[in-house]
Structure formats: C-alpha cells, structure tokens
C-alpha cells in the first residue's frame, strides 16, 4: 500500500528522520510507536505532505480509478497504471484526492463550524464530486448525526476526535493515518475508536497507519508494529512479536 524509502527530513540543521525505510501493507493496521520526540508525528506529516522531505521517496499504491486518472496525464503513466504513484513532491490536497485520509494530533476541527459543516469540508477533495456526507460516517459514529447542528467547539474531546475521524472518512480513503487518536479522551471513546478501526479494515478493506503510545490499545487493535528511536526504525513485526524486551528497551520511560 505505502512504501517509504530512505526518507530524510530536517528542521533547520536538525536531522529528524534518518534514512527511514518502511513498508505499510494493505488491509492491516500498522502502529508506529516510540518515546516522545523520536519523529513519529514528523513521519506522518511527511507522508501527508505537511512537511518537505530532504530526500528519499514515498510510493503509494492508489486505487484503480485514481491510477487511471493519474495515467491520463502522460504517455508514460498510461503504461504503468498498475504500479505505485510517487507521492514525494505532491501537495497535501493531491494526496487526499488519491485516497489518503489524515487525522492529525490534536484533531484540528473547526470549532465555530457545526459538525455537519466540519464533515462537508472533506467533500471538496472527493474525485467523484459527491456533495453529500456518506451515510457510512453516521453509521460508524451515531453521535455525529445526533449533534450535526452543534458547533464543533461545543463537543467533548472524545466527540471531537470522532468528528475528526469522520471528516477524514468523508473522502472514503484507502489509507487512513491516525496520529494519537486516543490522546486525552475518555477510555470508552478510545475503545469505540479501536472497534471502528477494526470494522473499517474488515468491512471496507481500509489500511490504517496509527501512531499510538498506549500498549493495550496497540496490542488489541493493531496487526503490526514499528518502533522508532531518534528518527530511525529500530524494530518492526507482527503485533504478537512486541516483546517485553523491546518495550523495556525502546518504549518505557
């Protein structure tokens, strides 16, 4: 689904990501873990196009329709519609149109807009021109339908997180990036979000890339893990292989 090759990123003279190479398989939840400040959020921003990478590459296997649409742009691409697309220099909105949904750390909803208006902001990058909020959003998060006329800033933290995820799902993405979705919200909402992740993978074939520091959440809802330290990948594998030794070495404070 997503291949990251030798990614390097800098903030000024500070080297933040070091030759980072990862493979994010389709139809699974991959959880990126690590102590604070190791580059997890920076990696998500690079994937989404919020941060510019110095060098390296991001290759994304888009859906058939997205590939065919992209292939119309050049004769070269017409012969390679079954291959991945290079995201490395594309704008954020282009990545969204290719089917990448993003829920940033801190949610970043529009507090003065209603729930429905927040959700509608995602419609602008849909390829099919749909101008109605998919009913699937309200099916996954019934509270959003109940509160669709309330302002986003009036919702609880957990409800705002559901709104942020719903807004990302409006584009019906193939890849969903979630940065700390359980941060600062009540445990029952965290569990609901975990169940939604599993439903999206099972029922919709979604691929999920998750940043999460809560071990119980990762072990229950993720399929794979990646551990980062000082901007580098130091371990990865099936979630069952997340051993106490790895936790002690790379995750405990």
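The values are calculated or read from the model by the stated rules, or taken from the named source; none is laboratory data. Predicted model, so just to flag it, every value in this text is computed and none were measured. Neighbour counts run over all protein chains shown; Cβ positions are idealised from the backbone, glycine included.
For residue 148, the requirement of being assigned to a helix (DSSP H, G or I), in contact with a helix residue (DSSP H, G or I) (Cβ under 6 Å, 6 or more places away or on another chain) and touching a residue at least 24 places away in the same chain (Cβ under 8 Å) is not met.
Report yes if some residue within segment 102-114 is in contact with a helix residue (DSSP H, G or I) (Cβ under 6 Å, 6 or more places away or on another chain), farther than 29 Å from residue 36 by Cβ and crowded, with 21+ Cβ neighbours inside 10 Å; otherwise report no. The answer is no; no qualifying residue exists. For segment 68-100, enumerate the residues that are buried (at least 18 other Cβ atoms within 10 Å of the Cβ), modelled with pLDDT under 90 and in contact with a strand residue (DSSP E or B) (Cβ under 7 Å, 6 or more places away or on another chain). Scanning segment 68-100 gives a single hit, 70.
Just to be sure before I move on: is residue 49 touching a helix residue (DSSP H, G or I) at 6+ places or on another chain (Cβ under 6 Å) and either buried (at least 22 other Cβ atoms within 10 Å of the Cβ) or closer than 30 Å to residue 203 by Cα (or both) in the structure I sent?
Yes, satisfied.
Does at least one position in segment 202-223 carry a residue that is out of contact with any strand residue (DSSP E or B) (no Cβ under 7 Å at 6 or more places or on another chain) and under 26 Å from residue 92 (Cβ atoms)? Yes: one or more hits. Can you find a residue that is over 15 Å from residue 233 (Cα atoms), touching a strand residue (DSSP E or B) at 6+ places or on another chain (Cβ under 7 Å), in a strand (DSSP E or B) and modelled with pLDDT of 95 or more anywhere in segment 3-26? The answer is no, given that none of the residues of segment 3-26 is over 15 Å from residue 233 (Cα atoms), touching a strand residue (DSSP E or B) at 6+ places or on another chain (Cβ under 7 Å), in a strand (DSSP E or B) and modelled with pLDDT of 95 or more. Out of 164, 191, 235, one residue alone is without any contact (Cβ under 8 Å) to a residue 24 or more places away in the chain and under 30 Å from residue 114 (Cβ atoms). It is 191.
Quick one: would you say residue 239 is within 13 Å of the chain's Cα centre (by Cα) and at pLDDT 95 or above? Here the answer is no, as residue 239 does not meet what is asked. Remark: pairs (first residue in segment 115-134, at positive phi and at pLDDT below 85; second residue surrounded by 16 or more Cβ atoms within 10 Å (Cβ to Cβ) and in a helix (DSSP H, G or I); Cβ separation under 9 Å; 6+ apart in sequence or on different chains) = 129/123.
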